[in-house]
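Peer 1: One structure, as structure tokens, below. Some questions next.
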Amino acid sequence: MEIKLDFGGGAEVLFDNIKKRDLTLDSSKKWTIRTFLQYMKENLLTDREELFLQGECVRPGILVLINDTDWELLGELDYEIQPNDNISFISTLHGG
Amino acid sequence: MVLCKANCGNKAILKRPKTGDALCKECFFTAFECEIHETITKGQLFKSGDKVAIGASGGKDSTVLAYVLKLLNERYKYNLKIVLLSIDEGITGYRDDSLETVKKNRDDYGMELKILSYEELYGWTMDKVVSVIGKTNNCTFCGVFRRQALDRGAKMLEVDCVATGHNADDIAETVLMNILRGDMVRLRRCTKIKTHSNEDAIPRVKPLKYTYEKEIVMYAHFKKLVYFSTECIFAPNAYRGHARMFLKDLEKIRPSVIMDIIHSGEQIQFKENIKKPVLDICQTCGFVSSCQPCKACVLLEGLNRGLPKLGIGKKSKGERMIAQQNLERIHRVKNDF
Ligand SMILES: [Zn+2]
Ligand SMILES: [Zn+2]
């Protein structure tokens, strides 16, 4: 399953400073944001974990959008990722 | 799919932290802009014909402020002349990049831009300050110098007021910090939407005082506004960082906490016997200050005397340090003969 991932507002510095990525996820299993965050932690995160995650969730202050829609309207961690979804992480914690 | 709460028939794209409402993009823009307009009119932040400087850092808040203020000025005929005022602290690799963003704002919005550097104002860049003071107390210097630099810039540009990008999250955080530090003078001042330090000083206003950080970032995202987003490369303020994360954790459970804390700050009654600083003019530099000489002048004297810690501790300690150095100098002169 192909998906797109992008970072903004400074969140990219936690991921090797790469702003946009195309990813292929194993289609044989169901993906939720919850399992995807674990995947990101294990495969993509290059800075300290606590700057991105708090428990199994993103750290408060990092906004998540799925296809440009606030994840708070889509079930947050339980949202089931669909092919060609575009997932964005935008930090509100950097600079002012 | 969630539909917009305003019954416009469009798909909602965000849940507002302030109200919990789900709104579509257009209704969100309208709500966001109208609320800032209301803050401006209710607080009587400007009057027709005013020249307003936006304290522009290139970050998300001042970028959104410049965009929205230009838009509201045209939509509601405020009749303001808006200019951008940026401070160059002289931090290589940080301010260089953010100033590029401010220059882009200048071109995009067609506003005059004035950049004032610590170097030209004080003879010291922050890079140089850090090289003598280290990375522990440098935020004190930067904060004191910046505050005065904005006053000086405002005077040079002959503006009627300075608008800063402080948002609701920033103000709630500052209320909390001032309570934790027992700083009643700053607590009283920090929730004010318009501050006049005295008759002569140029007022500061905060049009984004009731605007949540999440909405500012979402607004910039959906409007595709370009801003600069890297922390200052020198030591971050750890105490403020903790207060910030504490608030973000609370906000997760109860989004209204930001407004609630601001409200608490506004409603606290102060005893009249709390010492209020008398604001005066610094006899050394001529800018507004509550002490003689002002904090900026003390810090600067310390740097120039090679006693960079001078303004950081208690005043009495600083005076001892100066006396000691003067004494040593006299001895040195005597010994030279
Ligand atoms: Zn709508
Ligand atoms: Zn002074």
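The values are calculated or read from the model by the stated rules, or taken from the named source; none is laboratory data. Keep in mind that what you see is a predicted model, and the values were worked out from it rather than measured. So basically every Cβ, Gly included, is an ideal-geometry build from the backbone, and we count neighbours across all protein chains shown. Each accessible area value is taken on the protein alone, full model and side chains, heavy atoms only, with ligands, DNA and RNA left out. Shrake-Rupley method; radii C 1.70, N 1.55, O 1.52, S 1.80 Å.
Peer 1: Grab the Cα-Cα distance for B:Lys224 and B:Lys128, subtract it from 0.36 nm times how many residues apart they are, and report the gain in nm with one decimal.
Peer 2: 31.0 nm
Peer 1: Also: Quick one: with all protein chains in place, what share of the accessible area of the protein assembly as shown is carbon or sulfur, to the nearest percent (1.4 Å probe)?
Peer 2: Reported share for carbon and sulfur atoms: 51 percent.
Peer 1: Note down the relative contact order for chain B as a percent, whole number, built from C-alpha pairs under 8 angstrom at least six residues apart.
Peer 2: Taking the mean separation of contacting Cα pairs over the length of chain B, I get 17 percent.
Peer 1: What does a probe at B:Asp160 reach in the range B:63-82, counting residues whose amide N is under 12 Å from the point 7 Å along Cα→Cβ?
Peer 2: B:78-82
Peer 1: Follow-up question, since we're still on this one. Which order do you get for A:Ile87, B:Ile253 if you rank them by accessible area with a 1.4 Å probe, largest at the top?
Peer 2: Heavy-atom accessible area, descending, gives B:Ile253, A:Ile87.
Peer 1: Moving on. Under the Kirkwood approximation for Rh and a Cα-based Rg, what ratio Rg/Rh is obtained for chain B?
Peer 2: Computed over Cα atoms, the ratio is 1.01.
Peer 1: A further question follows. Restricting to DSSP loop positions (anything but H, G, I, E, B) with no more than 13 other Cβ atoms inside 10 Å of their own Cβ, which trypsin sites (Lys or Arg not before Pro) remain in chain A?
Peer 2: Hits after loop and neighbour filter: A:Lys19, A:Lys29, A:Lys30, A:Arg48.
Peer 1: At 7 Å along Cα-to-Cβ for each site, give me the label-to-label distance between A:Thr35 and A:Arg48 in nm.
Peer 2: 3.1 nm
Peer 1: Averaged per residue, what accessible surface does the protein assembly as shown expose to a 1.4 Å probe, in Å²?
Peer 2: Ligands and nucleic acids excluded, the result is 49 Å² per residue.
Peer 1: Another question, then. From the helices alone, meaning DSSP H stretches of at least four residues, give me the mean residue ellipticity at 222 nm for chain B, per-run term -39500 (n - 2.57), in deg cm²/dmol to the nearest 500.
Peer 2: Rounded to the nearest 500, it is -16500 deg cm²/dmol.
Peer 1: Another question about this same structure. In the protein assembly as shown, how does Rg compare with the Kirkwood Rh, expressed as the Rg/Rh ratio over alpha carbon atoms?
Peer 2: Rounded to two decimals, Rg over Rh is 1.01.
Peer 1: Follow-up. Report the gain in length on full extension from B:Lys252 to B:Ile179: 0.36 nm times residue separation, minus Cα-Cα distance, nm rounded to one decimal.
Peer 2: Once the chain is fully extended between B:Lys252 and B:Ile179, it gains 24.1 nm.
Peer 1: Take B:Lys81 and B:Glu119, extend 7 Å from each Cα along the Cα→Cβ direction, and tell me the distance between the two endpoints in nm.
Peer 2: Each label point lies 7 Å from its Cα, and together they span 2.9 nm.
Peer 1: Under 16 Å from the Cα of B:Lys223, which lysines turn up, not counting those fewer than eight places away in the same chain?
Peer 2: B:Lys25, B:Lys60, B:Lys70, B:Lys104, B:Lys214
Peer 1: Here is a follow-up. Suppose we compare each residue of the range A:54-70 in its chain alone and in the full protein complex with a 1.4 Å probe; which ones drop by at least 40 Å² of accessible area?
Peer 2: The answer is A:Pro60, A:Leu63, A:Asp68, A:Thr69, A:Asp70.
Peer 1: Something else about it: Using only protein heavy atoms and a 1.4 angstrom probe, determine the accessible area buried between B and A, summed over both sides, in Å² to the nearest 100.
Peer 2: Heavy-atom accessible area buried at this interface is about 2100 Å².
Peer 1: Let me ask you something else. Taking only C-alpha pairs under 8 Å that are 6+ residues apart, what is the relative contact order of chain A in percent?
Peer 2: That works out to 42 percent.
Peer 1: Another question, then. Please work out whether the range A:2-91 counts as rounded, prolate or oblate from its C-alpha gyration tensor, where a ≥ b ≥ c are the square roots of the eigenvalues and a/c under 1.5 means rounded, while otherwise a/b larger than b/c means prolate and anything else oblate?
Peer 2: rounded
Peer 1: Then there is this: Taking H placed 1.01 Å from N in the peptide plane, check which residues at least 5 places from B:Leu113 or on another chain put their amide H under 5 Å from its amide H.
Peer 2: Close amide H contacts, sequence-distant or interchain: B:Leu84.
Peer 1: Just to be sure I understand the model, the point goes 7 Å from the Cα along the line to the Cβ. What's the resulting B:Glu266 to B:Leu307 distance in nm?
Peer 2: Result: 4.5 nm between the two label points.
Peer 1: How large is ³J(HN,Hα), in whole Hz, for each residue of the range B:44-52 in order, when computed from phi with the Karplus curve 6.51 cos²θ - 1.76 cosθ + 1.60 and θ = phi - 60°, using x for Gly and Pro?
Peer 2: Those phi angles translate into 6, 5, 10, 10, 3, x, 5, 9, 10 Hz.
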